[in-house]
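This report refers to the structure that appears directly beneath it.
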Amino acid sequence: IATSCNSYFCWGLFRMIGDDKYNTVQNALTVWKDHMVSQGFGYRLGVDLPGEQRGFIPNAQFYDRAYRGSWNGLTIISISIGQGEITATPLQIANLAATIANRGHFITPHVVKEIEDYELDSLYRFPRQTSIDSHYYESIVEGMRAAVTGSSAGATFRLVRKILPDVEACGKTGTAQNPHGDDHSVFICFAPRENPKIAVAAYIENGGFGAAYAAPIASLLTEKYLNGKKFVI
């Protein structure tokens, strides 16, 4: 299943398009797309399960064909909020949370941790560094921390604080529009903020706002993993 991504990795495109050093929107989009691919988007991650989907990150040639070479930042503005032509799998979004938590690297997601008398493929053992400088991720970490602690966070703040009172968690809610029924509830998170141990992406079909179902479910999974305790709201 592919689903629209959130705006974590999209907003930078429009700053790049307005930067004269790239000369053309095609060049700016190409640089941006390469950054997204380095974070695991647009292609299969390589998880050790069959049937993985690749999602889609459009390139300059895609828009040149669609608009006959006549397009600019405003033409594709919808992808700045994760809509438009971009698609990403839930696994890729969870991997994004892990990449942000690690400040710029991830290990290819895998189910099999180890096999007796056998060495796993290096794909599952060594970090993959993104092409984005690690200090940029710190700003995203701060924003995701504020999303669950700030006064404007509302229901998300209350839920996460209740479930994870002693853990410095970082997260972001989302609401995926659904033309066929109720919207889908989305939440990604990682914890703790420093020396993170777990990253989660929760997608609840027809669950409405992100804080309604996805946030408490993801928080409960995080709490269970970190503390090994059962928490009941």
- [ ] Among the numbered conditions (1) among the charged types (D, E, K, R); (2) at pLDDT 90 or above; (3) in contact with a helix residue (DSSP H, G or I) (Cβ under 8 Å, 6 or more places away or on another chain), tell me where LYS230 comes up short.
- [x] (2)
TODO: Would you check if there is a residue in the stretch 142-161 being open to solvent by 70 Å² or more (accessible area, probe 1.4 Å) and closer than 18 Å to ALA199 by Cβ?
DONE: yes
Task: Of all residues in the stretch 27-52 being within 21 Å of PRO90 (Cβ to Cβ) and small (Gly, Ala, Ser), the one that is most open to solvent (accessible area, probe 1.4 Å) - done: GLY51
- [ ] Kindly provide the set of residues from the stretch 41-81 that are closer than 28 Å to VAL111 by Cα and out of contact with any Lys or Arg (no Cβ under 7 Å at 6 or more places or on another chain), ordered by number.
- [x] PHE41, LEU45, GLY46, VAL47, ASP48, LEU49, PRO50, GLY51, GLN53, GLY55, PHE56
Open item on the list: If I ask for residues that are within 27 Å of VAL31 (Cα to Cα) and open to solvent by less than 60 Å² (accessible area, probe 1.4 Å), which ones from the stretch 103-122 would you list?
Closed with: ARG103, GLY104, HIS105, PHE106, THR108, PRO109
Open item on the list: Just to be sure I understand, how many residues within the stretch 99-135 are free of Cβ contacts under 8 Å to residues at least 24 places away in the same chain and either of a type in the set (Ser, Thr, Tyr) or at positive phi (or both)?
Closed with: 3
- [ ] Of the numbered conditions (1) out of contact with any Lys or Arg (no Cβ under 8 Å at 6 or more places or on another chain); (2) modelled with pLDDT of 85 or more, SER4 fails exactly one; give the number of that condition.
- [x] (2)
- [ ] Answer yes or no: is there a residue in the stretch 194-215 that is buried (at least 23 other Cβ atoms within 10 Å of the Cβ) and part of a helix (DSSP H, G or I).
- [x] yes
Open item on the list: Whether any residue in the stretch 65-79 is among the hydroxyl-bearing types (Ser, Thr, Tyr) and either surrounded by 16 or more Cβ atoms within 10 Å (Cβ to Cβ) or more than 29 Å from THR24 (Cβ to Cβ) (or both) is what I want to check.
Closed with: no
Open item on the list: If SER134 satisfies all but one of (1) open to solvent by less than 80 Å² (accessible area, probe 1.4 Å); (2) of a type in the set (S, T, N, Q); (3) under 20 Å from ILE81 (Cβ atoms), what's the number of the condition it fails?
Closed with: (3)
Task: HIS184 vs. criteria in contact with a Gly (Cβ under 8 Å, 6 or more places away or on another chain) and modelled with pLDDT of 90 or more - done: yes
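The values are calculated or read from the model by the stated rules, or taken from the named source; none is laboratory data. Since the model is a prediction, treat every value here as computed from it, not as a measurement. Counting neighbours? That spans all protein chains shown, and the Cβs are built from the backbone with ideal geometry, glycine included. To get the accessible areas, we keep the full protein, side chains included, count just its heavy atoms, and leave off ligands, DNA and RNA. Shrake-Rupley method; radii C 1.70, N 1.55, O 1.52, S 1.80 Å.
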